[in-house]
Amino acid sequence: MKTHIHPEALSALKKFKLPEDLAFGKVLAPIMIVANYVDGKWQDADLLPYGPITIEPTAKVLHYGQEIFEGMKAYRSETHSKSFMFRPLENWKRFNKSATRMGMPEMSEEEFMGPLNTLVSYLTPFIPRRKGESLYLRPFMFATEQSLGIKPSDTFSFMIVASPVGSYFSGGTISVLIEREFTRAAPGGMGAAKTGGNYAGSLISAHKVKKIGANQTLWLDVHKENVQELSGMNFFMMIDGVLTTPPVSDTILDGITRKSILQLAKDSGIPTAEKDIAVNELKQLIKDQRCTEAFACGTAAIITPIDSLVEETGEKVMLKDGNGPMAMKLRNHLLEIQEGKLADTHGWVTLVEPAPEF
Ligand code: COI
């Protein structure tokens, strides 16, 4: 699968200026990748200027939500002109797992990585370099077949857009709402797939989060008992000095940041546990100061300390170490690897070859 470079994309790149103020997902890169799946195979990709796309009003994605996406990042260090991505093959593998769950075609490593490398190579000069900043990459695939019958689409589009980003959360720490009314995922469902529907289902709770002045929802399992994950991030706790997180299952997204943190903790001799914790037990552990810290982690959030858990009634339990000393230690360790400042002993960092001069 080739990627055709359109001259309009290069003109858009020449005009682009990286703003100072980035936040998350607000500034969009001026180019994007588009490829189509027709007659049972992926066609060549195009590198185009970022812009609106046309879609049939009856495209299946708009009615039945057949869609998947990934979140990944590219970095450029202060000392290096080249850029690199963090564990991109893990994203490729998870993309295919999501595709399978959603009845969509898989992509070969070359079909996924080829256009991705091309996009990042052209965007390298625009990757911000301050600590915690990066180029967020959003590959996604959606059903384009026009017909209202409920059946898997025969045609799909694959696109990659990118955004130079800073912090996902503007404050230093976050507060999470315990969601006791709705659930995010059920066994046998699609909770482990990175598909828009899981995020759409979380938005009703985002209204409550806003009303109560929190930042994210903490989801429980179908029995409304054990903690699972946040709306767009995995969840960690420090309990009796053990770095603890719920085990991944078909109701929890298998986070790449999550598994990297578990590995880094093991490398540093920090005890870890992947086990279920009931939310009421967790509240008591926090009150007894046995659970001293909690944090959110994900590609977008990196690692963000949680200072409190809040109930819809307004009841709040504050974490003893709400500023997250362990979270910050792990965050720095992870960022130093991601930003190319620490030796990459696990082979997590993949160099991107620079684009030809234009
Ligand atoms: C990511 O961390 O990449 C995600 O996909 C989460 C999203 C809610 C920003």
Margin query: Give me the percent of accessible area attributable to carbon and sulfur for region 116-209, probe 1.4 angstrom.
Written below: 61 percent
Note to self: I need two numbers for region 113-173: Rg to one decimal and Dmax as a whole number, Cα atoms only, in Å.
What the structure shows: 16.8, 49
Note to self: Restricting to DSSP loop positions (anything but H, G, I, E, B) with no more than 12 other Cβ atoms inside 10 Å of their own Cβ, which trypsin sites (Lys or Arg not before Pro) remain in region 1-83?
What the structure shows: 2, 17, 26
Item checked: aspartates and glutamates with Cα under 14 Å of residue 26, excluding same-chain neighbours fewer than 8 positions away -> 133
Checklist line | For the chain, the Rg and Dmax computed from alpha carbons only, in angstrom | finding: 20.7, 63
Next item on the list: Tell me, rounded to the nearest percent, the portion of alpha carbon pairs in region 230-358 spaced more than 21 Å apart.
Entry: 44 percent
Notebook entry, point to check: Counting only heavy atoms of protein chains, what accessible area per residue, in Å², does region 122-213 have with a probe of 1.4 Å?
Noted result: 42 Å²
Margin query: I'd like the Kirkwood hydrodynamic radius of region 209-256, using the inverse of the mean 1/r over distinct C-alpha pairs, in Å.
Written below: 11.9 Å
Note to self: To test your reading of the geometry: what angle, between 0 and 90 degrees and rounded to tens, separates the Cα axis of helix 88-101 from the longest principal axis of the chain?
What the structure shows: 90 degrees
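Compute for region 233-286: radius of gyration divided by Kirkwood radius, i.e. Rg/Rh, restricted to C-alpha atoms, rounded to two decimals.
That ratio equals 0.96.
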Item checked: Anisotropy class of region 140-194 from Cα gyration tensor, a/c 1.5 cut -> oblate
Notebook entry, point to check: Taking only DSSP H segments of four or more residues, each worth -39500 (n - 2.57), what value at 222 nm results for the chain once the sum is divided by all its residues, to the nearest 500 deg cm²/dmol?
Noted result: -7500 deg cm²/dmol
Notebook entry, point to check: Where only protein heavy atoms count, and the probe is 1.4 Å, what is the accessible area per residue for region 1-90 in Å²?
Noted result: 53 Å²
Notebook entry, point to check: Given 60/259; 151/194; 208/275; 93/275; 17/208, which pairs have Cα atoms separated by over 26 Å?
Noted result: 60/259; 208/275; 17/208
Checklist line | Crossing angle, helix 203-212 versus the chain [Cα axis fit, 0-90 degrees, rounded to tens] | finding: 50 degrees
Next item on the list: First check a/c for region 104-213, with a ≥ b ≥ c the square roots of the eigenvalues of its C-alpha gyration tensor; if it is under 1.5, answer rounded, and if not, answer prolate when a/b is larger than b/c or oblate otherwise.
Entry: oblate
Checklist line | Translational diffusion coefficient (Stokes-Einstein; Kirkwood radius from C-alpha pairs) of region 1-155 at 10 °C, 1.306 mPa s, in µm²/s | finding: 94 µm²/s
Margin query: Over the chain, what is the relative contact order in percent, taking alpha-carbon pairs closer than 8 angstrom and at least six residues apart?
Written below: 19 percent
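Under 8 Å for C-alpha pairs, at least 6 residues apart: give me the relative contact order for region 1-152, rounded to a whole percent. List each step's numbers first, then the result.
On the way: 213 pairs, mean separation 47.0, N = 152.
The normalised contact order for region 1-152 reaches 31 percent.
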Margin query: Please give me, ordered by residue number, the trypsin sites (Lys or Arg not before Pro) of region 157-211 that lie in loop per DSSP and have at most 16 other Cβ atoms within 10 Å.
Written below: 180
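The values are calculated or read from the model by the stated rules, or taken from the named source; none is laboratory data. The structure displayed is predicted, hence computed values, not measured ones. Quick reminder, even Gly has a Cβ in these numbers, built from the backbone with ideal geometry, and neighbours come from all protein chains shown. With ligands, DNA and RNA removed, areas are computed over all heavy atoms of the protein, side chains included. Shrake-Rupley method; radii C 1.70, N 1.55, O 1.52, S 1.80 Å.
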